[in-house]
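The structure appears below as structure tokens.
The values are calculated or read from the model by the stated rules, or taken from the named source; none is laboratory data. Note that the structure is predicted; figures quoted are calculated from it, not measured. Counting neighbours? That spans all protein chains shown, and the Cβs are built from the backbone with ideal geometry, glycine included. For the accessible areas, the whole protein counts, side chains as well, though only heavy atoms, and no ligand, DNA or RNA atoms are used. Shrake-Rupley method; radii C 1.70, N 1.55, O 1.52, S 1.80 Å.
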Amino acid sequence: MRRADMLQRLDGHHQSWDIVVIGGGATGVGIAVDAASRGYDVLLLEQHDFGKGTSSRSTKLVHGGVRYLEQGNVALVMEALKERGLLRQNAPHLVSNLAFVVPNYDWWEAPFYGLGLKIYNALAGKYGFGASEILTREETLARLPTIKTDGLRGGVVYYDGQFDDARLLVNLAETAVDQGATLLNYVRVVAITKGADGFIDGVVATDQETGQQWTVRARVVVNAAGAFSDSVRRLAEPDAATLIAPSQGIHLVFDSAFLSAESAIMVPHTSDGRVMFAIPWHGHTLVGTTDTPIATPTLEPRPLAEEIEFILETAGRYLHKAPTREDILSVFAGIRPLVKSGDGKLTAALSRDHTIHFDASGLLTTTGGKWTTYRNMAEHTVDQAADFVGLAERPCATRTLNVHGFHTTADRFGALGIYGSDALGIQDLMRSTPALAARLHSRLPYTAAEVIWATRHEMARTVEDVLARRTRALFLNARAAQAMAPEVANLMATELGWDAARQANEVSAFSTLAEGYQV
Ligand SMILES: Cc1cc2nc3c(=O)[nH]c(=O)nc-3n(C[C@H](O)[C@H](O)[C@H](O)COP(=O)(O)OP(=O)(O)OC[C@H]3O[C@@H](n4cnc5c(N)ncnc54)[C@H](O)[C@@H]3O)c2cc1C
């Protein structure tokens, strides 16, 4: 996947695209995979890097949503559990089965959660990840050695999926390209064009690197801009009513010693009535999340002091050693694009979880849902888009489409297992230049070879792209990521022909960004 090739495809494409997608998060890239694998001619434009928005900032769970079950939303849970199973089938190198323990401190919790989680597993049917079980106090402690012991009665264990969101996104972008789609990062849609009949017929887009501008024609334009969906809708209809109610969620990352386990903790009811997780992730402990309504979405949302305090306080209630601000290695925030209900007759809510909305000018907006259900959302969206503009009917192919990197025994690649079959290419780089096998920081597993790989094959364009999304250094340990930046810039400079000034700018921009991930 090379940006120069993508630009060439765009420049050489003179007829109308079947589908132009705005937004390179899970929703947009999922739509590009679906549309391209049906044989449609599709272009996707992302204003920043793939996954810069919410799609790199999730809790990293591929799950049915135990919380929805409690709310009685059985159909939604079944749909997500099926998608969870399909994702593990199609991207086994990225989705792993994780045990979650609900620690019990009250007598009623074991029977209550025991039954609920049995139903959760039963709803998955053939897509099940493992039967839930009631645990004794000793079994709970064996699984969660760092859990608070005062009053602990036992626990319930159940199974769900875990993944690396940004890595899955990069692999999905590669899948879309493998299927013939054209995807560009750092190209922002700045206007939406209309034909004489008043219907949308294309977009105007600007390359954020060079300023080059294109006017591209499209049979249908799909808005997959997540929390920014309303601003994109207003490019077409300045008076469009608000559809999105943005809400922020943050996560804190600590050393692995805080959990010291293979299992995750699931707290079904925090003091504000939410679910909270403490999860082992890439050798660290990830704790989250919150739900704070915000006025205006931004690409770099800032965690609020009270959100940080709330997570520390909740974690402290369950963990033997309560984490403090000094223990935070990284803090990151993401924005949920929640959809306001009851917005007019043109909204075709195909599922209670996601929304497909048509504006009068023919712009199709897909939003809501969750990472786990991206494939299903994409299938519905492409069905609707094709039907709307009369594209030749072609069946969805993604239920059994392998995601780029597909590998069933990727564990054998050790720390590179996350790359699936691409690990072989990275190992080749290390073999031909052994110095590239060296770690860039003693506290993180990432090597110089991965920087070269990301720059050559994964369209990484900045130091941030490499440290935040191609690797997860920024999300795991912001200070370590900051320390890695000069070496990453040096490696990228050779690959991309940066001069000394650009290299220095990259380091300084990343350093400023990384400050925001520290407390
Ligand atoms: C805190 C939190 C935790 C979550 N945890 C989970 C979880 O564990 N499991 C799960 O399944 N789901 C989870 N989710 C939900 C999931 O992350 C989101 O549903 C999903 O990432 C949304 O993807 P998206 O593509 O719609 O939006 P985004 O990822 O935000 O993508 C939209 C993109 O559009 C781009 N864009 C905007 N305007 C333009 C323009 N004019 N031109 C070009 N591009 C533009 C943006 O730059 C952005 O990259 C979580 C969400 C949050 C907030």
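When only residues in segment 393-407 that are open to solvent by 40 Å² or more (accessible area, probe 1.4 Å) and in a helix (DSSP H, G or I) count, which is nearest to Thr365 (Cα to Cα)? Filtering segment 393-407 for residues that are open to solvent by 40 Å² or more (accessible area, probe 1.4 Å) and in a helix (DSSP H, G or I), the one nearest to Thr365 (Cα to Cα) comes out as Arg399. Return yes when Val389 is open to solvent by 30 Å² or more (accessible area, probe 1.4 Å) and either of a type in the set (S, T, N, Q) or within 21 Å of the chain's Cα centre (by Cα) (or both) and no when it is not. So Val389 fails the test. Selection within segment 438-467: residues that are in contact (Cβ under 8 Å) with a residue 12 or more places away in the chain and open to solvent by 40 Å² or more (accessible area, probe 1.4 Å). The member of this set that is nearest to Lys52 (Cα to Cα) is Arg461.
Give segment 344-392 a look and list any residue that's of a type in the set (Lys, Arg) and either at pLDDT below 90 or part of a loop (DSSP other than H, G, I, E, B) (or both), or say none. Within segment 344-392, Lys345, Arg352, Lys370 qualify.
Can you find a residue that is outside any strand (DSSP E or B) and of a type in the set (A, V, I, L, M, F, W, C) anywhere in segment 207-214? No, segment 207-214 contains no residue that is outside any strand (DSSP E or B) and of a type in the set (A, V, I, L, M, F, W, C).
Residues that are free of Cβ contacts under 8 Å to residues at least 12 places away in the same chain and not in a helix (DSSP H, G or I) were ranked within segment 468-519; the one that is farthest from Pro445 (Cα to Cα) is Asp499.
Considering only residues that are open to solvent by 50 Å² or more (accessible area, probe 1.4 Å) and either in a strand (DSSP E or B) or in contact with a strand residue (DSSP E or B) (Cβ under 6 Å, 6 or more places away or on another chain) (or both), look in segment 319-338 and name the one that is nearest to the ligand (Cβ to nearest atom). Of everything passing the filter in segment 319-338, Arg336 is nearest to the ligand (Cβ to nearest atom).
Given the structure, is Ala26 within 12 Å of the ligand (Cβ to nearest atom) and closer than 14 Å to Gly369 by Cβ? Spelling it out, Ala26 is indeed within 12 Å of the ligand (Cβ to nearest atom) and closer than 14 Å to Gly369 by Cβ. Restricting Val29, Val21, Val101 to residues that are assigned to a helix (DSSP H, G or I), aliphatic (A, V, I, L, M) and open to solvent by less than 20 Å² (accessible area, probe 1.4 Å) narrows the list to Val29. Kindly indicate whether any position in segment 423-434 is more than 16 Å from the ligand (Cβ to nearest atom), open to solvent by less than 10 Å² (accessible area, probe 1.4 Å) and not β-branched (Val, Ile, Thr). Yes - at least one qualifying residue is present in segment 423-434. Residue count for segment 175-192 under the criterion of being surrounded by fewer than 22 Cβ atoms within 10 Å (Cβ to Cβ) and away from the ligand (no atom under 14 Å from the Cβ): the result is 3. What are the residues in segment 222-241 that are over 24 Å from Tyr374 (Cβ atoms) and either β-branched (Val, Ile, Thr) or without any contact (Cβ under 8 Å) to a residue 40 or more places away in the chain (or both), if any? Across segment 222-241, the qualifying residues are Arg234, Pro238, Asp239.
Summed over segment 32-65, the residues that are surrounded by fewer than 23 Cβ atoms within 10 Å (Cβ to Cβ), under 18 Å from Asp201 (Cα atoms) and near the ligand (Cβ under 6 Å from one of its atoms) give a count of 0.
Do we have any residue at all in segment 245-252 that's of a type outside the set (Asp, Glu), surrounded by fewer than 17 Cβ atoms within 10 Å (Cβ to Cβ), away from the ligand (no atom under 11 Å from the Cβ) and free of Cβ contacts under 8 Å to residues at least 40 places away in the same chain? For segment 245-252, residues of a type outside the set (Asp, Glu), surrounded by fewer than 17 Cβ atoms within 10 Å (Cβ to Cβ), away from the ligand (no atom under 11 Å from the Cβ) and free of Cβ contacts under 8 Å to residues at least 40 places away in the same chain: absent.
Are any residues in segment 66-89 touching a Leu at 6+ places or on another chain (Cβ under 7 Å) and either of a type in the set (Gly, Ala, Ser) or open to solvent by less than 10 Å² (accessible area, probe 1.4 Å) (or both), and if so, which ones? Scanning segment 66-89 gives Val77, Leu81.
Evaluating Asn223 against the criteria (1) in contact with a helix residue (DSSP H, G or I) (Cβ under 8 Å, 6 or more places away or on another chain); (2) open to solvent by 10 Å² or more (accessible area, probe 1.4 Å) leaves one unmet condition, (2).
Quick check: is even one residue across segment 10-17 within 13 Å of the ligand (Cβ to nearest atom) and modelled with pLDDT of 95 or more? Among the residues of segment 10-17, not one is within 13 Å of the ligand (Cβ to nearest atom) and modelled with pLDDT of 95 or more, which makes the answer no.
Look at segment 288-304: where a residue is in a loop (DSSP other than H, G, I, E, B) and a partner is among the basic types (Lys, Arg) and at pLDDT below 95, sitting 6+ places away or on another chain with Cβ atoms under 7 Å, you get Asp291/Arg274.
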